[in-house]
Amino acid sequence: MSGAEKPTAIRGDVAAAKSVSRRSFLGVLLGFGTVVMGAALSVPLIRFALHPLLTKTTEIGWSDVGKIDEFAALTAPAKRLIRVEQRDAWRKIISEKAVYVLPGKAVRILSPICPHLGCSIPWNEAKQEFICPCHVAVFAMDGTKISGPAPRSMDDLDSKVENGMLKVRYQYFRQLIPTKEPLS
Amino acid sequence: MLNANDPEETTQSQHVTIRQRLYKWLDVRVGVGSILHEALGEPIPGGARWAYVFGSVLLFLFISQTITGVFLALYYVPSSTSAHTTVAYIVKEVTGGSFLRSLHAYGSSVVVIVLLLHLTQTYLYGAYKGRRELLWISGCVLLALMLAMAFTGYLLPWDQKAYFATTVGTNMASDVPFVGTWLKRFMRGGDEMGTLTVSRFFVAHVFIIPAVLIAFIATHVYLFRKAGAAGPPSEDPVNPQMPTQRFYPRQVVMDTIVALVMILILGSLAHFMPTELGPKANPADTQYVPRPEWYYLPIFQWLKYWRGPYAIIGIIVIPAITAALLVLVPFIDRRLERRPWRRPIAVGVFVLILGGFVAMGLMSVRDDRRDPSIAKQVAKQRQEVEQFMREQFEPEGAATSLSAPVVAVVDPLAAAGKKVYDSESCDACHGENGVGTNAGPKLAGAIAQKSAEELSNLLRHPTAKMIEGEMKPVDVSDDDLKALVAYIKSLK
């Protein structure tokens, strides 16, 4: 063993001129191997870190708004708080959200989130309009855009009536675009 | 020929010029040249050898453990309520989570193996000789720190085996004279294992021990470079005589090859046999047979032989003497002779202790196999782990959904079912509200999600496996059965 060690030791260091090409070959091999391995290993790491972006959030279920009879005699939009069950990574959370039930025969429910920059829009009883407190986007009683910076009218939420109970599916929509596009 | 070669020649020389210019630009500002020279130019008497790879491989493994550990912390919460759920989330939900956790868990075992190889090589080669006492001692400190990393990391998943192994581990501390009880309370953050234990172990595992580790790794490498590579056993440890070879390229290539092979082995293990997670720690479990990780088995077995008033000798005195012997080796074995065959006592003692460790570990495994009650319980624990791994990930309930049992009772059918559940003594084995006990499985969760039809069928006609576990067919009226099924289904 140690007999074979000596000549290599000399070749490696003393006969420098001869070993230059060999050294650079080994260097390339080494660098290549390390880069390939590093790249292969970084794939699961990156996928792991990007998991929340790569997976679709679970479908949001239907939340109860109230008995449908309550809304039969509405004359102005009625604000209701609903409970939305969602997954927050490893937790189940129940959060409260506000929605507007509109007066009229066909049931319509509006999201209070302004399609401009996402402020919550209150119903202005005196003016009989929805007026956004942030940048004064103004909407009619049925949510249609009247004036201001909003790119579209207020967003309708999916709703249905089941066994006399009005239900809504709460969603967020992309801001600043003229069409209604749900955020997943 | 000449003409054809000409353009190639020019591009190549231009290429080199750009590279050289970049190198020079960096060298002037950063001093790359001297750094590289310093890092790669280490002379090795007698030349590169496969026997010398372990130090570099350990450094590489440490970096790998750091990276995987940092990534795991992305989803981990150190508290007794969330630790297990978040690890289950990593294993069952997060993309590549099981793979990454396995890399980290197997990595810790590989670190211990390579540490032992590094220690053995250094010892047999007498590489602690010739003014290398501090180098050796810093290595011993690194060994202790790495074992502490393994010990603290083991608890963090907060599953059954983590909980009970750490309960035993921290209890051992109370045998230390005078300060034992205090030490145990200090480690646990109180008398009992609990959420403070998780956060203490987490802080130790992630902040304190790694910081000390990095400091000692730097010290170890510095002292190694200061003393110089010792070379083969026939070399003079103080004034090397042999022709030298530089660290780069041959030794670097050998080190890298072994590191790459390590990663391949680790990656295959993590991919094909991922580490499992057991059910959440249940301190009320009185049947659980805790077993430490394999590298602690020798100590575990050793402790069995020391009972009563002599326990302190086995638990404290003998291990302390062994550790002191290890640390003081360079002061005890002072001759400059390095060849192992000329150091029969030093090598003999080492082989004896190492052999003792291996024998103890094997005896521990043998004991467990021979004792039928333990073998049965271990098999049952194994099944519970497999069962838990098959179950879907169950998210932590929201504070508001904690009122679920109350909601269940609001449903009149389920409320009637609860009465049947209690009067039929289902709770004796399946626990109050179906949380499960040692005698019977948990009903809440996976079982409650079965269809009503399947549940009533199982209650009327239990499977052979259920009967074996002492489950009897439920003998109630059809209406009561319907109510009972409604109650069980409300437990999800």
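Laboratory data are not the source of any read-out in this text; all were calculated from the coordinates shown. Just so it is clear, the structure is predicted and the values come from calculations on it, not from any experiment. Because the Cβ atoms are built from the backbone with ideal geometry, glycine has one as well, and the counts that use them run over all protein chains shown.
With Cα atoms as the point set, the radius of gyration and Dmax of the stretch B:157-205 evaluate to 10.5, 32 Å.
Rg/Rh for the stretch B:251-298 (Cα atoms only, Rh after Kirkwood) is 1.23. Pairwise alpha-carbon distances in chain B exceed 43 Å for 35% of all pairs. Beta bridges per DSSP, both residues in the protein assembly as shown: antiparallel share near 95 percent. Computed over chain B, relative contact order equals 19 percent, with contacts defined as Cα pairs under 8 Å that lie 6+ residues apart. In terms of the Cα gyration tensor, with a ≥ b ≥ c the square roots of its eigenvalues, is the stretch B:294-423 rounded because a/c is under 1.5, prolate because a/b exceeds b/c, or oblate? Note, shape of the stretch B:294-423 comes out prolate. Ordering B:Ala311, B:Trp50, B:Ala346 by Cα displacement along the dipole of the stretch B:41-385 toward the positive end leaves B:Ala346 in first place; charges were set at the Cβ atoms of Lys, Arg (+1) and Asp, Glu (-1). By the count of other C-beta atoms within 10 Å, a proxy for reagent exposure, B:Thr68, A:Thr179, B:Thr167 are ordered fewest to most as A:Thr179, B:Thr167, B:Thr68.
To the nearest 0.05, how large is the calculated FRET efficiency for A:Glu129 and A:Glu96 if R₀ is 22 Å and r is the Cβ-Cβ distance?
Numbers: r = 25 Å, r/R0 = 1.14.
Efficiency computed from Cβ-Cβ geometry: 0.30.
According to the Kirkwood relation over distinct C-alpha pairs, the hydrodynamic radius of the stretch B:143-297 is 19.3 Å. Other residues with beta-carbon under 14 Å from the beta-carbon of A:Asn163 carry, at +1 per Lys or Arg and -1 per Asp or Glu, a net charge of 0. Shielding by partners for peptide B:266-273, expressed as the average number of C-beta atoms from other protein chains within 10 Å of each residue's C-beta, is 1. Tell me the net charge near B:Gln392. Cut-off is 11 Å between Cβ atoms, B:Gln392 excluded, with +1 for each Lys or Arg and -1 for each Asp or Glu. Around B:Gln392, the surrounding residues sum to -1.
Both radii were evaluated on the Cα set of the stretch B:49-101; the Rg over Rh quotient, with Rh as the Kirkwood radius, amounts to 1.19. Looking at B:Phe99, B:Gly469, B:Ile321, which one has the Cα that reaches farthest to the positive end of the dipole of chain B (charges on Cβ: Lys, Arg +1; Asp, Glu -1)? Selected residue: B:Ile321.
Could you state the angle between the C-alpha long axis of helix B:97-124 and the longest principal axis of the C-alpha atoms of chain B, as a value from 0 to 90 degrees rounded to the nearest 10? Its long axis makes an angle of about 40 degrees. Summing +1 for each Lys or Arg and -1 for each Asp or Glu among the other residues whose beta-carbon sits under 12 angstrom from that of B:Thr219 gives +2.
In terms of other Cβ atoms within 10 Å, A:Asp88, B:Asp255, A:Asp142 run from fewest to most in the order A:Asp88, A:Asp142, B:Asp255.
Taking Cα atoms only, the orientation of helix B:133-155 departs from the longest principal axis of chain B by about 20 degrees. Here the scattering of the stretch B:289-360 is modelled by Debye summation over its C-alpha atoms, one equal scatterer each and no solvent; at q = 0.14 Å⁻¹ the log10 of I(q)/I(0) is -0.57. Treating the stretch B:213-336 as a set of equal point scatterers at the Cα positions, no solvent, please give the Debye-formula log₁₀ I(q)/I(0) at q = 0.15, 0.23 Å⁻¹. Log-scaled intensity ratios, in q order: -1.15, -1.31. Projecting label points 7 angstrom from Cα along Cα→Cβ for B:Asp371 and B:Ala148 puts them 3.1 nm apart.
Within 10 Å of the Cβ of each residue in A:45-56, the mean number of Cβ atoms contributed by other protein chains is 5. With no solvent and one equal point scatterer per Cα, compute the Debye intensity ratio I(q)/I(0) for the stretch B:403-489 at 0.22, 0.24 Å⁻¹ and report its log10, rounded to two decimals. Normalising to I(0) and taking log10 leaves -1.13, -1.38.
For the protein assembly as shown, what D do you get in µm² per second when you plug the Kirkwood radius from alpha-carbon pairs into Stokes-Einstein at 20 °C and 1.002 mPa s? Estimated diffusion coefficient is 68 µm²/s. The relative contact order of the stretch A:63-169 comes to 25 percent, based on Cα pairs under 8 Å that sit 6 or more residues apart. Counted by neighbouring Cβ atoms within 10 Å, the residues B:Trp50, B:Trp341 run from fewest to most as B:Trp341, B:Trp50. Using just its DSSP H runs of length 4 or more, each adding -39500 (n - 2.57), chain B gives a mean residue ellipticity at 222 nm of -20500 deg cm²/dmol after division by all residues. Let me know the Kirkwood hydrodynamic radius for the stretch A:63-169, please, with Cα pairs as the basis and the value in Å to one decimal. One decimal place: 14.6 Å for the Kirkwood radius.
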